[in-house]
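Any read-out appearing in this document is the output of simple, stated calculations on the displayed coordinates, not a laboratory observation. Keep in mind the model is a prediction, meaning the values are calculated, not measured. Please note: Cβ atoms are built from the backbone with ideal geometry, for glycine as well, and neighbour counts cover all protein chains shown.
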Amino acid sequence: MVNSDVIHRSIAEAGDLEKIRDGEISVTDVFRSLAHHPAQVISRWNWKSALLGAILRASFYFTIYQVSKESWLVTLGAVIVEFSFRFVTSGISGALVQSFRRASPAWLAMMIVMISLPVFSHTVEYITHYAQENLFSSIFAASENKARQKAFAISVLFSVLSALFNLFVMRNGVMLVGAGSETKSLLQDLKRIPLLIIEFIVILPNAILKSIRTGKILTAVGFFSAFGLSVGGILGVFRGKWSWAWTTALGAWAILLVFTFIVVVVGLFLKSSDE
């Protein structure tokens with residue numbers, strides 16, 4: 001039997017987690033590998049996440065700014081800034097998420113991604129757009145109808161969900177970069193995403209319900225709490241308003257509770273239909 005210390009050491013010495021053939025890697029070993037070889041995040045920069053993430057976020061900002069009736073000059077400035085920095089950070093975030101795709105226990109990897117990635121991306125987002133409107137307003141016009149605050153608020157919830165979604169699809173072999181034979185073309189990935197979206201919608205409610213069924217109540221509470229606290233906490237910290245934190249957290253919990261209830265009802269309906 002191979003000594004566990006040898007296994008941990010071999011993982012830490014590997015320059016890239018994708019070169020490790022083990023089916024599962026402990027969360028501790030993932031952190032150990034990233035600490036010893038941080039450059040792998042750059043060498044495995046996820047261009048798929050970068051491209052799709054930048055397009056989605058830029059479109060998101062465009063919509064919010066237009067709904068807020070900002071001028072075209074202000075809107076285009078925000079879109080350009082958002083696309084530019086998201087292209088860089090989404091690629092890094094994608095590489096980090098991919099590092100955790102085989103991490104175990106899965107629930108811990110999920111919580112780490114759900115909290116750490118949004119904190120990272122929104123730190124950059126807040127600084128970038130703040131600088132845009134307060135330091136470079138002569139180049140990129142500042143918003144006039146508080147569109148930036150609105151976009152940032154909604155963006156936090158979107159980031160938590162997108163981080164979880166990225167981890168989910170990568171665990172299913174989609175949106176991978178530098179993963180050898182597991183890496184598929186972007187077109188092949190896009191063909192699989194619609195079905196994965198349907199599966200993803202119920203992943204967190206199912207994780208909570210599974211934990212309850214197996215008697216892991218604290219784990220279920222952890223999933224539920226982490227979702228709302230990560231959304232509310234990030235928004236509250238960056239906006240500097242306690243009211244934003246708790247109201248957003250309550251909203252996130254309400255959404256999750258409703259989805260969990262729907263999953264229970266649908267599950268009971270399908271079970272009764274089979275009988």
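Side notes on the structure shown:
- Efficiency of FRET from Cβ geometry, Thr63 and Lys271, R₀ 35 Å, rounded to 0.05: 0.30
- Potential lengthening between Thr128 and Leu56 on full extension [0.36 nm per residue; Cα-Cα distance subtracted]: 24.2 nm
- Span-like helix ranges in the chain, DSSP H, alpha carbon extent 27 angstrom or more, Kyte mean at least -1.0: 47-67, 72-99, 106-134, 147-171, 217-239, 242-274
- If you plug the beta carbon distance of Ser243 and Lys19 into 1/(1 + (r/R0)^6) with R0 = 51 Å, you get a FRET efficiency near 0.60.
- Averaging the Cα positions of each part gives two centres, and for region 225-275 and region 172-196 these lie 28 Å apart.
- Label-point gap, in nm, between Ser43 and Phe120 - each point 7 angstrom along Cα→Cβ: 1.7 nm
- Under a Gaussian network description of the chain, with springs only between Cα atoms under 10 Å, the residue in Ala131, Ala54, Ala163 that fluctuates furthest is Ala131.
- Taking every lysine pair in the chain that is 8 or more places apart or spans two chains, those with Cα atoms closer than 26 Å amount to 11.
- Dipole magnitude of the chain, debye to nearest 20 (Cβ charges: Lys/Arg +1, Asp/Glu -1, about Cα centre): 220 debye
- Take every Cα pair under 8 Å whose residues are at least 6 apart in sequence, average their separation, divide by the length of region 202-275, and the relative contact order is 30 percent.
- Relative contact order (%) - the chain, alpha-carbon pairs under 8 angstrom, separation at least six: 17 percent
- Inter-label distance, nm, simple model (7 Å from Cα along the C-beta direction), Ile255/Ala153: 1.3 nm
- Magnitude of the charge dipole for region 179-243, about its Cα centre and with charges confined to Cβ atoms of Lys, Arg (+1) and Asp, Glu (-1), is about 160 debye.
- Loop chymotrypsin sites (Phe, Trp or Tyr not before Pro), region 21-89 (other Cβ atoms within 10 Å of the site Cβ: 16 or fewer; DSSP): none
- Cα gyration tensor category, rounded, prolate or oblate, for region 179-275 with a/c compared to 1.5: oblate
- Rounded Å value of the spacing that divides the Cα centres of region 17-39 and region 49-120: 24 Å
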